[in-house]
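J.: This is the structure I want to talk about, given as structure tokens.
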Amino acid sequence: MNIEKPKQEIIFANVIMCLLVVFIHTSSIAVSSLERNSIQYLAVMVPWRLSAFVVQGFIFLSGLKIFIKKTAVTNYKRYYISRIKAIIVPYVIWVVVYYIYFCKHNYFPFSLTHLIKNMMLGSLVSPFYFIVIIVQFYALLPLWQWLYKRFNPMPILVISLLTTILCGQFLPKVINIITGGCSFDYNDRLLTTYILYWSMGAICGINYEKFSAWLIQKNINITFTFALLVCIDIFLTFKVLVLGIFVSSLETIHIFYCVTAILFTMSIGIRTRPNSIFLAINSVSYPIYLAHCFVLFLVNGKLVQYGIIDIGLCYAVRIFAVYTITILSCLIYRWLKNYLIHKKIMLK
């Protein structure tokens, strides 16, 4: 596979989404603890909800980064080995680390079967389900290369949209009916629920010059549509979470919000030159994704240890500590790793 320099808008989007993932998880306790009719709740809930496009965004970027390459992947053995080393091995290591931590703190007794099940389902820690999803997409790369490069993009996008809407909302019900009452609780980690974003990324990657020109040309339209869907999504979310009113269209609206949020982020990125901080965070975005919840658990433990219970103070401490410790630790790890590799090369 050819190694190409990442484009500035891809780096920008990757870093923004990485930072928003950390924000989502550091904000979750505040969202669940604050009174839902309070201003404080809305102040946290609104950005928390608007950040909920990052998994979809990472799937989009993953597809884009594969298909933006000028040459298709032909050496599948090499490709799969690279994915195992870069994605699966770090994931397995971190699952074991989290599992040991949970066992040590009496969340549950150690069980190898339980460990493997959580590893396969991505259910041990909340962000891990993304790894299960993206591995499915990576595993089927020969299919995607055949599909996206042979058929017209528009029918693929329409079919992908319908698949995401229908499977995302109705597949568990269909399985329940077909199996005579069997419940299916893992629809949120099946590729069918996210295929729209992968298809978008792949098609944009194949036609990247046209896509980047379109982002610049349609910037005002993208911004307006994004702002409109922000208002609609937050209004409907407010009805559900604060007023307790069921809104059947919320999930469908949120799909369209995620699409515009991804495009809006890319449109900002294409006009933004990443600075050294962005480049540094981009280089450790995956370790940050895997490690930040572990830091969050440690910080929560210290808050309990020192008897800090004020919601606002706890939230501020979490935000500051998790961002700072996670990012700095990952950067130090990367520096040490590169230093040892360089030293090993020099000794040969």
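The values are calculated or read from the model by the stated rules, or taken from the named source; none is laboratory data. Because the structure is a prediction, the values reported are computed rather than measured. Cβ placement follows ideal geometry from the backbone for every residue including glycine, while neighbour counts extend to all protein chains displayed.
J.: Taking the stretch 179-222 only, how many residues are of a type in the set (S, T, N, Q), surrounded by fewer than 19 Cβ atoms within 10 Å (Cβ to Cβ) and within 25 Å of Ser62 (Cβ to Cβ)? So that I can check it myself, show each step before the final result.
T.: Initially, the stretch 179-222 is screened for residues of a type in the set (S, T, N, Q), giving 179, 183, 187, 192-193, 199, 207, 212, 217, 219, 221.
Next, only the ones that are surrounded by fewer than 19 Cβ atoms within 10 Å (Cβ to Cβ) stay: 179, 183, 187, 192, 207, 212, 217, 219, 221.
The next check asks that each one be within 25 Å of Ser62 (Cβ to Cβ); those that pass are 187, 192, 207, 212, 219.
Of the residues in the stretch 179-222, 5 are of a type in the set (S, T, N, Q), surrounded by fewer than 19 Cβ atoms within 10 Å (Cβ to Cβ) and within 25 Å of Ser62 (Cβ to Cβ).
J.: With (1) among the β-branched types (Val, Ile, Thr); (2) more than 26 Å from Leu157 (Cβ to Cβ); (3) assigned to a helix (DSSP H, G or I) as the list, and Ile255 as the residue in question, which single condition is left unmet?
T.: The single condition Ile255 does not satisfy is (2).
J.: If I filter the stretch 218-249 down to residues being among the hydroxyl-bearing types (Ser, Thr, Tyr) and part of a helix (DSSP H, G or I), which single residue comes out as farthest from Thr260 (Cα to Cα)?
T.: Step one: filter the stretch 218-249 for residues among the hydroxyl-bearing types (Ser, Thr, Tyr), giving 223, 225, 237, 248-249.
Pick out the ones that are also part of a helix (DSSP H, G or I) and you get 223, 225, 237.
Numbers: Thr223: 8, Thr225: 7, Thr237: 17 Å.
Among residues in the stretch 218-249 that are among the hydroxyl-bearing types (Ser, Thr, Tyr) and part of a helix (DSSP H, G or I), the one farthest from Thr260 (Cα to Cα) is Thr237.
J.: Kindly check whether there is at least one residue in the stretch 203-217 that is under 26 Å from Val44 (Cβ atoms) and part of a helix (DSSP H, G or I).
T.: First, the residues of the stretch 203-217 that are under 26 Å from Val44 (Cβ atoms): none.
No, every residue in the stretch 203-217 fails to be under 26 Å from Val44 (Cβ atoms) and part of a helix (DSSP H, G or I).
J.: If you take the residues of the stretch 104-125 that are surrounded by 13 or more Cβ atoms within 10 Å (Cβ to Cβ) and aliphatic (A, V, I, L, M), which of them is nearest to Asn187 (Cα to Cα)?
T.: Narrowing the stretch 104-125 to residues surrounded by 13 or more Cβ atoms within 10 Å (Cβ to Cβ): 114-115, 118-119, 121-125.
From what's left, aliphatic (A, V, I, L, M): 115, 119, 121, 124-125.
Working: Leu115: 20, Met119: 16, Leu121: 11, Leu124: 16, Val125: 17 Å.
Looking at the filtered set, the residue picked out is Leu121.
J.: Okay, moving on. If you go through the stretch 34-69, how many residues are touching a Ser or Thr at 6+ places or on another chain (Cβ under 6 Å) and touching a residue at least 40 places away in the same chain (Cβ under 8 Å)?
T.: Looking only at that region, the number is 2.
J.: Of these, Ile262, Ile234, Ile245, which one is among the β-branched types (Val, Ile, Thr) and farther than 30 Å from Ser38 by Cβ?
T.: On the way: Ile234 fails: farther than 30 Å from Ser38 by Cβ; Ile245 fails: farther than 30 Å from Ser38 by Cβ.
Unique residue meeting the criteria: Ile262.
Every residue, every condition in (1) under 26 Å from Asp188 (Cβ atoms); (2) under 22 Å from the mean Cα position of the chain (by Cα), yes or no:
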residue	(1), (2)
Cys204	yes, yes
Asn219	no, no
Gly244	yes, no
His254	yes, yes
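J.: Follow-up. Can you spot a residue in the stretch 126-149 that is of a type in the set (D, E, K, R), at pLDDT 95 or above, more than 28 Å from Lys239 (Cβ to Cβ) and surrounded by fewer than 19 Cβ atoms within 10 Å (Cβ to Cβ)?
T.: Just the residues of the stretch 126-149 that are of a type in the set (D, E, K, R), to begin with: 149.
Within this subset, residues satisfying the condition of being at pLDDT 95 or above are none.
No, because not a single residue in the stretch 126-149 is of a type in the set (D, E, K, R), at pLDDT 95 or above, more than 28 Å from Lys239 (Cβ to Cβ) and surrounded by fewer than 19 Cβ atoms within 10 Å (Cβ to Cβ).
J.: With (1) surrounded by fewer than 15 Cβ atoms within 10 Å (Cβ to Cβ); (2) basic (Lys, Arg); (3) farther than 24 Å from Asn282 by Cβ as the list, and Arg49 as the residue in question, which single condition is left unmet?
T.: Status for Arg49: all satisfied but (1).
To keep it simple, each residue is scored yes or no on (1) hydroxyl-bearing (Ser, Thr, Tyr); (2) over 26 Å from Tyr208 (Cα atoms); (3) part of a helix (DSSP H, G or I).
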site: Ile10; (1), (2), (3): no, no, yes
site: Asn14; (1), (2), (3): no, no, yes
site: Phe23; (1), (2), (3): no, yes, yes
site: Ser28; (1), (2), (3): yes, yes, yes
site: Gln40; (1), (2), (3): no, yes, yes
site: Pro47; (1), (2), (3): no, yes, yes
site: Val55; (1), (2), (3): no, no, yes
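J.: Looking at (1) touching a residue at least 12 places away in the same chain (Cβ under 8 Å); (2) on the phi > 0 side of the Ramachandran plot, which is the only condition Asn106 fails?
T.: Among (1) touching a residue at least 12 places away in the same chain (Cβ under 8 Å); (2) on the phi > 0 side of the Ramachandran plot, Asn106 violates only (1).
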